[in-house]
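The values are calculated or read from the model by the stated rules, or taken from the named source; none is laboratory data. Please read these numbers as outputs of a predicted model, since none were measured by experiment. Cβ atoms come from the backbone with ideal geometry, glycine included; neighbour counts cover every protein chain shown.
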Amino acid sequence: MTAQVITISSGKGGVGKTTAVANIAVALAMDGAKVVCIDGDIGLRNLDVVMGLENRIVYDLVDVIEGRCKLRQAMIRDKHYNELYLIPAAQTRDKSAVSPSDMTRLCNELRPEVDYVFIDSPAGIERGFRNAIAPADRVLVVTNPEVSAVRDADRVIGILEAEEKRSPALILNRLNPALVKQHDMLSAEDVLDLLGIQLIGIVPEDENVIVGSNRGVPVAQDSKSRAGQAFRNIAKRLKGEEVPFIDLEKQPGLWDRIQKMAGGRKA
Amino acid sequence: MNWFGQKRSAQSAKERLQLVLIHDRTDLTPAELDSLKDELIEVISRHVDIDASAVQIDVEHDGRSQRLIADIPLRSVTRRRAG
């Protein structure tokens, strides 16, 4: 096995990075992939509660990097999927405890063992973000159809371009089709036009996401949830499958155009 | 437009973002763009006769690449001679 290292980033906080990591990882694990999630937000750990694993933490990312435990000991096995693991962030340290080369070394150690490594990047564009993108083969940028989130996503995309990383793909999270229809929310087409990158998923606003995080059970496991379906589709697209985008707005024509844009834009 | 002749908010969001992103990406403020325009007019006027009031300088984007577009109308020499 040679894992693909995928970092999920956004610039702005609160747009759904952690939710996206947990759900895409769960969706891939449901399909039989071996997946490790790393919480890169040192000092503000959250991926553990979203995945429902907060009571099982013994060692964390900084313990591995500083040699206090073996990598294996810091990998917490998921309750539902045997091949899904979490390496939690340290809660009592800060981002300077980890360097970009530490992250690269850690991921290189994981690569032969698993299919996917997901890194949940902290908000911002400082050290924690740099740590998270250093080992990435691919970066997924999460944004919401909202001015501040789109602006920050553009900054992150600009930095990734400057670092000469492979062009990132966009997850448009919390789209409200009714608001888009009444022209009071940026549409997926608007956001793609502004940011000029490839689309990998549109996740509709869905109450089940909150219910899922309340219980520590990511919504990707809920077959009826629309957001869950969207995350499962993203997982399939990561594996290279062609999955049509869900028709959220039921406006013929528009979605054909979005799918065409998603197929690849000029760099 | 809605009943009150107001633009719908999604349209405002898109237009405002288009301007903000151009400045974020190029590090060029509207004031700097204006002074760039004045200097361009000055330099070009030394060589050809231009209609300074109609000069337009804009940053356009195509995907993620930006370009500076200058529209500089020239005054016709023949017309001036005839006049």
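At a glance:
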item	result
The one condition in (1) modelled with pLDDT under 90; (2) under 30 Å from residue A:152 (Cβ atoms); (3) outside any strand (DSSP E or B) that residue B:79 fails to fulfil	(2)
Filter pass, residue A:117 being of a type outside the set (Asp, Glu), within 25 Å of residue A:200 (Cα to Cα) and out of contact with any Phe, Trp or Tyr (no Cβ under 8 Å at 6 or more places or on another chain)	yes
Residue count, region A:126-158 (criterion: within 12 Å of chain B (Cβ to nearest Cβ) and either part of a helix (DSSP H, G or I) or more than 13 Å from the chain's Cα centre (by Cα) (or both))	15
Enumeration of residues in region A:153-178 that are farther than 22 Å from residue A:24 by Cα and surrounded by 24 or more Cβ atoms within 10 Å (Cβ to Cβ)	none
Qualifying residue in region A:187-209 (condition: assigned to a loop (DSSP other than H, G, I, E, B), within 14 Å of chain B (Cβ to nearest Cβ) and closer than 19 Å to residue B:66 by Cβ)	yes
Qualifying positions in region A:1-43 - in contact with a Gly (Cβ under 9 Å, 6 or more places away or on another chain) and farther than 20 Å from residue A:169 by Cβ	A:13, A:41, A:42, A:43
Per-region count, region A:1-32, residues over 13 Å from the mean Cα position of the chain (by Cα) and buried (at least 21 other Cβ atoms within 10 Å of the Cβ)	2
Tally of residues being surrounded by fewer than 21 Cβ atoms within 10 Å (Cβ to Cβ) and in contact (Cβ under 8 Å) with a residue 24 or more places away in the chain across region A:179-191	3
Unmet requirement for residue A:98, which otherwise passes all of (1) crowded, with 18+ Cβ neighbours inside 10 Å; (2) hydrophobic (A, V, I, L, M, F, W, C); (3) closer than 18 Å to residue A:41 by Cα; (4) under 19 Å from the mean Cα position of the chain (by Cα)	(4)
Hey, residue A:195 crowded, with 21+ Cβ neighbours inside 10 Å and either modelled with pLDDT under 95 or not aromatic (Phe, Trp, Tyr) (or both) or not	yes
Test: residue B:57 is farther than 21 Å from residue A:179 by Cβ and within 14 Å of the chain's Cα centre (by Cα)	yes
Considering residues of region A:94-106 that are at pLDDT 95 or above and assigned to a helix (DSSP H, G or I) only, the residue farthest from residue A:216 (Cα to Cα)	A:101
Listing of helices (runs of 4 or more DSSP H) fully contained in region A:1-93 that carry 2 or more residues being closer than 20 Å to residue A:111 by Cβ	A:17-30, A:61-65, A:71-74
Test: residue B:44 is farther than 22 Å from residue B:75 by Cβ and either more than 10 Å from chain A (Cβ to nearest Cβ) or under 14 Å from the mean Cα position of the chain (by Cα) (or both)	no
